[in-house]
Amino acid sequence: MIATIVRNGFRALRRDRGALVLCFVVPVAFFSIFAIIFGSMSGNSTPRVHVLVVDEDHSVASARLVRGLHQERALATDTRPETKTGEPKPPEYTAATAEAAVKNGTAPAALIIPAGFGANPISFTPGPGRQPIRILHDSSNPVAAQMVAGLLQKVAMTSLSGSMAELGTRYLALASGGLTPQQRQNLDANLARIRELDARRDAQSDAGAAAKGDNTGGLVAVETRDVVGENKKNSMIAYYAAAIGVMFLMFTASGAGGSLLDEAESGALDRILSARVTMTTLLAGKLTYLALLASSQLTLMFLWGAAVFHLDLFTHLAGFFVMTVATSFTVASFGLLLASVSHTRAQQASLATLLILTLSAIGGSMFPRYIMPETMQKVGLLTFNAWAIDGYTKVFWRDEPVSHLAPQVGVLLGAGVLLFLAARHFARRWESV
Amino acid sequence: MAPTAPAASPIPLQIDSIVKRFGEVTAVAGISLEVHERACLGLLGPNGAGKTTLIRSIVGRVRPDSGSVRVFGQPASSPAARQELGWVPQELALYPLLTGRENLDAFGRYQGLRGRSLREAIQWCLEWASLADRADSIVKTLSGGMKRRLNMAAGLIHRPRIVLLDEPTAGVDPQSRNHIFEMVEALRGDGATVIYTTHYMEEAERLCDRIAIVDHGRIIAQGSKDELVAQSFGTRSDVLMRLDAAAPNAEAWTASRGGTLQDGVAHFPVDRPSDIASLLEAAARDSLDVIDLVLRRPNLESVFLKLTGRDLRQ
């Protein structure tokens, strides 16, 4: 009896392609995506933190520190904006331009070496007279500031060995009650050798990674400041409202878009198309419905965020409206396309699950893209999740004006149009046979 | 000056040599038809004969490989022709989560109705389908018969002059079937031209004044019921004589009189009812007990059987 039940179960599963895909293809596909994203993080392709470096000191010590930061594999440093093709090299970042760049999302952190740093670059104890290095960061990427601060200590230890030795000598002289002329001569000779070693290391373009150090030390004084979210109550609410919102929007749109398949199956679609309604009109109607549904869902999500998590919705209404319209349109087109390429509800459900979870994983709906390897971050831009999340982040996090949303809105609307045209193309099979 | 003769009204439906193939299967193999004003044409044939494909060709849901369909002189795909056609598909082509009234409102709007004319059309539909008291019930809560009637109403809300009913009684109980017959008769009373597909000959006999028998994508006979019977059987009728099962010579006796014996019932073709008397006399003479006797005029099913060698519901 039990064997019969088991056999029937497997027979039915074998003939239900949708269930088969959900059962065997989706988990494997997901495992692969997560393995690519997280598996590679333990290897050499660990995402590097992009940091802008401003040297206001222009001393030997600051130059060594900048060089050390450049050579640090965990950091991707820039001292000036990228040079555009055919244009002259732009000036180096200043504290102000670096701060603006962090605010507009060019990099998650900037490191400012202040004037006077070189006179007293490191210290074993806190005290006056030190010029702290400032780290400006965007707390929507909470990992970046901590990494930069830790790596800065490491780089200081390895790149400023001369300064460390000099400081050590001073402490020794103080602690021992004064050095004899002979001792002073020997120490000066050793300091000269250390400076020579520093100079030789400077001359090497790639000295390799420095030895591991204690990132929590305080050799160089550091002052960090969140330049983007310093006045915001919760850095990640807007991010997740958009990220989760877009993912569920896709599920909603694909489910509602499936009504097309229900109507085809019941014969209602035939009846509608035999009346005065054309397929284009019908799809436009469905698109409008799906887009309105998606907009309502996003609005509810952000209203909830405003009410419960203090998301600052009401001062960003224009940006929210623009992004919501663009995102809803694209997601609605996506839902229609899924329905028009599928032949059955089961097929549509499995295709939707596979695509939505994949796009959401790659596009940043499940975890932020900045923690992914650089290649995956670029691949993420092929998903409309990424563009929608970037747009909402610009609005709610960076307080950028609506005009700055042009790239995101352009990509989303363009993708929406293409998806709709594809849906129209595949829907030809319902027109007449 | 001689008065100008009024222009002849175009024929409601003209089908000319329609062919439709689906891969290797020829669903419609060159059907030509004319349906005149206020007529009711029955398309009678078994499942898979091509009736539905023909109907779907008329309403533009199937694109024929060759041939043409004209509605009041207009190509069937033209907006003017579509307005004249009302199609009731076999399936329950309704929105199950809307009420009956909401369904009628939606399909009325798809047909271009608005405002007062839409409201009046909905009211007419609800009364015609006897659904006024369940107008605001969700469709999926209605009985099978009610859904069928609503399905018909949704197809005819724009009051078309040509009504195409594709097996409208499929799966309904006898009472609901009778209700649907009355709805069709009411339509005919209002002057509609009706094309009615079925594989129930009693429906075709009751509702249609002309019948086209469809088999393997072709019309194999066409005419009124009496014409079809006369074409196939002339004036001949069948006498069905049940004989005593114990009679040892029943089969030989039946054969000697030109009949066949099936399950103890002897079938004799007769030209005149008076031939029955001579059969009874012969049976008495040969000591055969006749248990009962029926004179049966051939019907459409007999015609179909004779023309195709198959039963209508096979």
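Here, each number is a calculation from the coordinates, and none is a lab measurement. Quick caveat: nothing in here was measured; it's all calculated off a predicted structure. All Cβ positions, glycine included, derive from the backbone under ideal geometry; neighbour counts span all protein chains shown.
Summed over all non-identical Cα pairs, the Kirkwood treatment of the range B:1-112 gives a radius of 16.2 Å. Projected label points at B:Asp209 and A:Phe426, each 7 Å from Cα along the beta carbon direction, are separated by 5.1 nanometres.
FRET efficiency for the pair A:Tyr289 and B:Phe181, taken as 1/(1 + (r/R0)^6) with r the Cβ-Cβ distance and R0 = 41 Å, rounds to 0.60. Taking amide H positions as modeled 1.01 Å from N, with prolines and chain starts lacking one, the residues under 5 Å from A:Val53 and 5 or more places away or on another chain are A:Asp78, A:Thr79, A:Leu111. Rounded to the nearest 0.05, the FRET efficiency derived from the C-beta distance between B:Leu280 and B:Asp65 at R0 = 41 Å is 0.10. R0 = 22 Å: FRET efficiency of A:Leu300 with B:Ile138, Cβ-based, nearest 0.05? The pair A:Leu300/B:Ile138 has a calculated efficiency of 0.25. Applying a length cut-off of 15 Å (Cα extent along the axis) and a mean Kyte-Doolittle floor of 0.5 to the DSSP H helices of chain A leaves A:142-159, A:237-257, A:279-309, A:317-341, A:345-363, A:406-426. Annotation: amide H-H contacts under 5 Å for B:Cys40 (H modelled 1.01 Å from N, sequence separation of 5 or more, or interchain): B:Val194, B:Asp209, B:Arg210. All C-alpha to C-alpha distances of the range A:240-346, sorted into 10 Å bins beginning at zero, yield P(r) values of 15, 40, 26, 14, 5, 0 percent in whole numbers. Its Kirkwood hydrodynamic radius, worked out from the mean inverse distance over all distinct Cα pairs, puts the range B:17-69 at 11.6 Å. With helices as the sole contributors, the protein assembly as shown gives -15500 deg cm²/dmol at 222 nm; each DSSP H run of n ≥ 4 counts as -39500 (n - 2.57), and the sum is divided by every residue. Each residue, B:Ala170 and A:Leu191, gets one label point 7 Å from its Cα in the Cβ direction; the gap between the two is 10.0 nm.
In angstrom, the C-alpha Rg and Dmax of chain A are 29.1, 107.
Extent of the range B:102-221 along its three principal axes (Cα atoms, max minus min coordinate, largest first): 46, 28, 26 Å. Computed from the alpha carbon positions, the gyration tensor of chain B leads to an equivalent ellipsoid with semi-axes of 45, 24, 18 Å, biggest first.
Taking 37 °C and 0.692 mPa s as conditions, the range B:159-314 diffuses translationally at an estimated 180 µm²/s according to Stokes-Einstein applied to its Kirkwood radius (Cα pairs).
Measuring between their Cα centroids, the range A:169-189 and the range B:100-154 lie 104 Å from each other.
Rounded to the nearest 5, the antiparallel percentage of DSSP beta bridges internal to the protein assembly as shown is 55%. With Cα atoms as the point set, the radius of gyration and Dmax of the range A:278-433 evaluate to 16.6, 55 Å. Bridgeable aspartates and glutamates around B:Lys306 (alpha carbons under 16 Å apart, same-chain partners fewer than 8 residues away excluded): B:Asp215, B:Asp226, B:Glu227, B:Asp238. Semi-axes of the equivalent ellipsoid for the protein assembly as shown, computed as √(5λ) from the eigenvalues of its C-alpha gyration tensor and ordered from largest down, come to 89, 29, 20 Å. For the peptides B:289-302, B:50-63, the ranking by mean Cβ contacts within 10 Å, running from highest to lowest, is B:50-63, B:289-302. Residue exposure proxy: B:Trp124, A:Trp387, ordered by other Cβ atoms within 10 angstrom of their Cβ from fewest to most, comes out as B:Trp124, A:Trp387.
With contacts taken as Cα pairs under 8 Å at a separation of at least 6 residues, the range B:237-297 carries a relative contact order of 52 percent. Taking label positions 7 Å along the Cα-Cβ direction at both A:Arg73 and B:Arg236, the computed distance is 10.0 nm, reported to one decimal. Altogether, the Stokes-Einstein calculation at 10 °C and 1.306 mPa s, with the Kirkwood radius of the range B:237-297 over Cα pairs as Rh, returns a diffusion coefficient of 141 µm²/s.
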